[in-house]
Amino acid sequence: MTEQTAAPIAATEEPTAPEQELPPTGAEPAAAAEPVPATEPVTATEPIAATEPAPATVVPATEPAPATVVPATEPAAVTEPLVAPDQAPAVAEPVPASKSSRRVLRAVARWTAAVLVLGGLGTGTALGITSMERTDVPGLATEGDGRWDYPELSLPALPAGSPRPFNEANVAEIHHADLRKLLIPAPAGATADKKLTGDWVSTAQFVGEFRKDKRGELTQLLDDSALRHIAARGWTMPDGTRSRVYLLQFNSTAYAQGLRDDTYVSSTPGIPLDWPTDLQLDESWNAGGKVPETVVYAFGETKTGKGRIHEAYIQAGDTLALVIHSQQGKKIAEQIPFRQTLILQNQLLG
């Protein structure tokens, strides 16, 4: 193929934009090249030797050669653009992007915005879920298991220098705190019993929970056991469950143990409550939550503890507790809140 010689760069021609497409080999060379910055003036007709290809200045050579992109061998200092003596420098106009490029840019912008929005929504949702209670999150809500909403419990302050009942320094296991402060409070939604307000009650009030033919016997046992006092609290829940908690404190642990033995509280409830049926030991009770050094006996109308009534005794040192939950008619007294009450009262005494 016959090579063609490129025409010299005319002094009156303006430099073209660097983005101009180059003709294939053998075609007519570009009309002009981009101004090449140089430290010294270069004549328009002097060819610039090609070295290594790189995306810089397009300079056609005077020697027959394909039109290629030819940079200077070393970066030249930026001074003034090469122009003709009698012509002002011309500013190259920006080459508008093609339609396909604009479409790509718009698509990238849309996807970027979508990712940012979705990321923000995901973060907000995660923060919202972590700050919510489990029961407030759809799909994660769990049904209530019947437990009552008791207030936060705390042990009462002790007189100065007095140890807790099961402290090594308290050999007699005496409760030095005010016994009334050791009574479990009523849960939320409860209606307080006007006779059992969390204060001291009489022996007659306590023995009234038992069958009439056994009250005299129980009263005599209490008189013989060096009973100090009795504190009690009662309430009724919206579902009709009636609750009573009695705390009996004696002069020593031996007297509390003696009354428990005299009333035969072990595998049987001993002296029966004022209830039409006899109660049985709740064999399903595994003493969960029992405090060490305390003893718990739970009873119900069946061996599984289910029925219209639940009864339990707790012995903790010098104090004996009686917990009763009952329902009227044929309605079953829920077992979960009864065990909840029993565990919490045991912890207060321990």
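Couple of notes before you dig in:
- Considering residues of region 319-346 that are among the hydrophobic types (A, V, I, L, M, F, W, C) and farther than 27 Å from residue 175 by Cβ only, the residue nearest to the chain's Cα centre (by Cα): 336
- For residue 213: the one exception among (1) surrounded by fewer than 16 Cβ atoms within 10 Å (Cβ to Cβ); (2) touching a helix residue (DSSP H, G or I) at 6+ places or on another chain (Cβ under 9 Å); (3) without any contact (Cβ under 8 Å) to a residue 24 or more places away in the chain: (2)
- Scope region 258-295; condition of a type in the set (Val, Ile, Thr), open to solvent by less than 40 Å² (accessible area, probe 1.4 Å) and over 44 Å from the mean Cα position of the chain (by Cα); matching residues: 263, 265, 271
- Note on region 198-209: residues that are open to solvent by less than 40 Å² (accessible area, probe 1.4 Å) and either among the aliphatic types (A, V, I, L, M) or over 28 Å from residue 188 (Cα atoms) (or both) amount to 2.
- Residue satisfying all of: in region 136-177; modelled with pLDDT of 50 or more and among the hydroxyl-bearing types (Ser, Thr, Tyr); farthest from residue 344 (Cα to Cα) among these: 162
- Set 254, 298: member being open to solvent by 70 Å² or more (accessible area, probe 1.4 Å) and at negative phi: 254
- Matching residues, region 243-271, being under 23 Å from residue 198 (Cα atoms) and small (Gly, Ala, Ser): 243, 252, 256
- If you check 274, 318, 262, 278 for being of a type in the set (D, E, K, R) and over 18 Å from residue 206 (Cα atoms), only one passes: 278.
- Residue check, residue 218 aliphatic (A, V, I, L, M) and open to solvent by less than 20 Å² (accessible area, probe 1.4 Å): yes
- Residue within region 176-189 that is closer than 27 Å to residue 273 by Cβ, touching a strand residue (DSSP E or B) at 6+ places or on another chain (Cβ under 6 Å) and not in a loop (DSSP other than H, G, I, E, B) present: yes
- Residue within region 229-243 that is crowded, with 20+ Cβ neighbours inside 10 Å, of a type in the set (S, T, N, Q), at pLDDT 95 or above and closer than 27 Å to residue 150 by Cβ present: yes
- Being over 18 Å from residue 249 (Cα atoms), over 36 Å from the mean Cα position of the chain (by Cα) and not β-branched (Val, Ile, Thr) is a property that does not hold for residue 306.
Conditions tested, residue by residue: (1) of a type outside the set (Phe, Trp, Tyr); (2) out of contact with any Lys or Arg (no Cβ under 9 Å at 6 or more places or on another chain); (3) over 14 Å from residue 320 (Cα atoms).
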{"position": "217", "(1), (2), (3)": "yes, yes, yes"}
{"position": "220", "(1), (2), (3)": "yes, yes, yes"}
{"position": "223", "(1), (2), (3)": "yes, yes, yes"}
{"position": "232", "(1), (2), (3)": "yes, no, no"}
{"position": "236", "(1), (2), (3)": "yes, no, yes"}
{"position": "247", "(1), (2), (3)": "yes, no, no"}
{"position": "257", "(1), (2), (3)": "yes, yes, no"}
{"position": "264", "(1), (2), (3)": "no, yes, no"}
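- Strands (runs of 3 or more DSSP E) within region 233-350 that include 1 or more residues among the charged types (D, E, K, R): 242-250, 309-316
- Residue within region 307-330 that is open to solvent by 10 Å² or more (accessible area, probe 1.4 Å) and more than 26 Å from residue 192 (Cα to Cα) present: no
The values are calculated or read from the model by the stated rules, or taken from the named source; none is laboratory data. Worth saying up front: this structure is predicted, and the values here are computed from it rather than measured. Methodologically, a virtual Cβ is constructed for each residue, glycine included, from the backbone with ideal geometry; neighbour enumeration extends over all protein chains shown. The accessibility values were calculated without ligands, DNA or RNA, using every heavy atom of the protein model including side chains. Shrake-Rupley method; radii C 1.70, N 1.55, O 1.52, S 1.80 Å.
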